[in-house]
1. For region B:94-110, what are the residues that are under 20 Å from A:S24 (Cβ atoms), of a type outside the set (A, V, I, L, M, F, W, C) and either at the interface with chain A (Cβ under 7 Å from one of its Cβ atoms) or within 18 Å of the chain's Cα centre (by Cα) (or both)?
2. On the given criteria, is A:A36 buried (at least 18 other Cβ atoms within 10 Å of the Cβ) and modelled with pLDDT of 95 or more?
3. Looking at region A:267-324, which of the residues that are within 14 Å of chain B (Cβ to nearest Cβ), of a type in the set (A, V, I, L, M, F, W, C) and farther than 13 Å from A:A385 by Cβ is nearest to the chain's Cα centre (by Cα)?
4. With in a strand (DSSP E or B), over 17 Å from the mean Cα position of the chain (by Cα) and either modelled with pLDDT of 90 or more or farther than 18 Å from B:A192 by Cβ (or both) as the only criterion, which of B:S40, B:S25, B:S35 stands out?
5. Among the residues of region A:216-241, count how many are farther than 22 Å from A:F128 by Cα and buried (at least 19 other Cβ atoms within 10 Å of the Cβ).
6. Could you tell me whether B:L119 is assigned to a helix (DSSP H, G or I), within 14 Å of another protein chain (Cβ to nearest Cβ), touching a helix residue (DSSP H, G or I) at 6+ places or on another chain (Cβ under 8 Å) and surrounded by fewer than 21 Cβ atoms within 10 Å (Cβ to Cβ)?
7. Quick one: in region A:233-258, of everything that is assigned to a helix (DSSP H, G or I) and without any contact (Cβ under 8 Å) to a residue 40 or more places away in the chain, which residue is farthest from A:V87 (Cα to Cα)?
8. Is it the case that B:L6 is crowded, with 18+ Cβ neighbours inside 10 Å and in a strand (DSSP E or B)?
Amino acid sequence: MAKSRRIAAPGLLVFLAWRDLRASPLTALVLVLAAAIGVGFQVPNTANLLGYEREMLEQGVKCGFGEVRLHPRKGRIAGAKATLARVRATPGVRAASAVLILPAAIGQGDLQSVAALGVEAPDGRWPFRLVEGQPLARGDREGILVGRALATRHGVKPGDQLTLRVVLGRGELDEDVGRYRLTVRGLFSGTFSVCAADSVVLDRSFLASELRDPEATDLVLVYSDDPGGAEGLAARLAAAFPGLEARSWAEDSALLRSAIHGSAAVAASSTAMVVIAVGLPMAALLYIHSLHRRRRVALLAAIGIGGLDAFLVFLLQALFIGLFGVALGCPIGYALVRYFVAHPIFEVEQFTLRPVLAARTFVWPALTVLAATLLSGLYPAWRAARIDPADILRRGP
Amino acid sequence: MSAVVLRAEGLTRRFGEVAAVSGASLALVAGQWVSLVGPSGCGKTTLLQMLGLLDRPTHGSLWLSGLDPWQGSVLERTRLRCERLGFVFQGNNLLPHLTALENVALPAWRLHGTRATALEAAGRLLERFELAARASTPAGALSAGEAQRVAIARALINGPSLVLADEPTGSLNQALGETVLDALGEVCAAGAALLVVTHDSRVASRGHRILEMADGRISHPAGEPAPR
């Protein structure tokens, strides 16, 4: 007696699944299109959501206040120069910048309150994105960077002069203390950091010298280029600098954290919608398809290709549909992503949502639709496997 | 003396209160053609399905080559159908989207797991039934007589010990029916036991034995005791 297999050879299962699908081209086409539409919708959706998250992290972390911020527990950071050097030498730290924040006002005639940020960026990592002009040179005592929105409001551009008044808190009543006439070197933008609002940037050493405290620093910004690892880095820095409070970006910026959580929630609900929108009609069609195949399943059972084989054949059909749907849906999704790259769905002055075109833009939607297809094929396959061949065959051809 | 391939004792199949088959006993011997005749609705098909391990008897015992298939699992019964049984139904026997060759090859492919061997064996059988020229024809495009002969070839491909045929000429004219009956004759020549369910006396007369069935009961010819 030949040694019998528990399930049919994979080649036979694939053969039966494929040939049966080919025998119903219209049903197969509708099913493949349903899967393709699911992928075609979800790919640009994922790309836009990834782009949104990337832009937020770019502005709030990479071109913002870094992955971790070191705050003094009270007053200013003592021994800031040595602290900055030690932070920069910490494993995992790519860059660190020292920031001094003073209340100030700017304008041409009437002055407007702003925050004056004195920034020292020895690694060249500034907490904003320069959009026009030049960055400040180290030790620049005559230059200032202005937020683009603020510059528009005051009608200034790079090269123009601007009056700045800084509250130095030196206890002097001289009208000219803290009053400067500065040249606008450049304009910056940023949405998710302090720099986004009404603020200007100066050289930290210049402001510190005006304070008569060369090391005056309110904040050290730490950049690791790994937003996901910020919590761990914050913990390490907190241990290394017990006198300072180390906060990750997520802890320090409720707006950014909420925006990213919101984006993740939208992504999750979008995925769920795709699973339902693709899975339910597909399950219905596959079920109807399996009902039309009951006599064939019964005939196969009679010749020794039984319920487990039938289950796998129907599941393979769902897999084929999913794979073809992904193969067709990815180019559709790619074309839509290219369109959204050229025509961003969200574009304001400081914030442009550019879709992310990467492997994960396609992998996650493809896996989602494949999973939805397989899930929707489970019940029809199970029903096919449980067909009573005697009952079907008794009814005649 | 030829070996008993299948023995059934007191097979009963009830559907609710109705007994479709009641206390049926018979033995099928290798190389022998047994015709089971009776009017429509007398329980012939139900009995054939029980003998073919497709339907479980409500009562009674069944041995196939000495084994009680209902002691085993569903998978084991499926395996037995593949290895030892062949089925020929009245019509729509074949998978219409597959070719004649592929239809015949399926049970062998399932049993041995190799496509090439199965197709080779199927090709030989189609030649034997003078259907080689129709090997690559989709089953849906075969004539009724050709389709039945392809079904018989499929029933034989794994060298079964028993072939069960349910009204194999029911949908054919006389000339085609004769061709199919000749093909069924080859089943016995191949050494298998053959049970043909029919209500056609012409078909029944081809058998070595004729069993009559009425109201779910088999009446054995005079002088032939019910098997024990």
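The values are calculated or read from the model by the stated rules, or taken from the named source; none is laboratory data. Every value quoted in this text rests on a predicted model; they were computed, and no experiment measured them. Quick reminder, even Gly has a Cβ in these numbers, built from the backbone with ideal geometry, and neighbours come from all protein chains shown.
1. Of region B:94-110, the ones under 20 Å from A:S24 (Cβ atoms) are B:94-99, B:102-103, B:106.
Next, from what is left, pick out any that are of a type outside the set (A, V, I, L, M, F, W, C): B:96-97, B:99, B:102-103.
Selection gives B:H97, B:N103.
2. Details: buried (at least 18 other Cβ atoms within 10 Å of the Cβ): yes; modelled with pLDDT of 95 or more: yes.
The answer is yes for A:A36.
3. As a first pass, look at region A:267-324 and keep what is within 14 Å of chain B (Cβ to nearest Cβ): A:289, A:292-313, A:317.
Those left that are additionally of a type in the set (A, V, I, L, M, F, W, C): A:297-303, A:305, A:308, A:310-313.
With farther than 13 Å from A:A385 by Cβ added as a condition, the list becomes A:299, A:302-303.
On the way: A:L299: 53, A:A302: 55, A:I303: 54 Å.
If we take residues in region A:267-324 being within 14 Å of chain B (Cβ to nearest Cβ), of a type in the set (A, V, I, L, M, F, W, C) and farther than 13 Å from A:A385 by Cβ, then A:L299 is nearest to the chain's Cα centre (by Cα).
4. B:S25
5. Of the residues in region A:216-241, 1 are farther than 22 Å from A:F128 by Cα and buried (at least 19 other Cβ atoms within 10 Å of the Cβ).
6. Working: assigned to a helix (DSSP H, G or I): yes; within 14 Å of another protein chain (Cβ to nearest Cβ): yes; touching a helix residue (DSSP H, G or I) at 6+ places or on another chain (Cβ under 8 Å): yes; surrounded by fewer than 21 Cβ atoms within 10 Å (Cβ to Cβ): yes.
Taking the combined requirement at face value, the residue satisfies it.
7. Step one: of region A:233-258, the residues assigned to a helix (DSSP H, G or I) are A:233-240, A:249-252, A:254-258.
Okay, now just the ones that are also without any contact (Cβ under 8 Å) to a residue 40 or more places away in the chain, so A:235, A:238-239, A:250-251, A:254, A:257-258.
Working: A:A235: 13, A:A238: 11, A:A239: 12, A:A250: 20, A:E251: 19, A:A254: 24, A:R257: 24, A:S258: 28 Å.
Selected residue: A:S258.
8. Values: crowded, with 18+ Cβ neighbours inside 10 Å: yes; in a strand (DSSP E or B): yes.
Spelling it out, B:L6 is indeed crowded, with 18+ Cβ neighbours inside 10 Å and in a strand (DSSP E or B).
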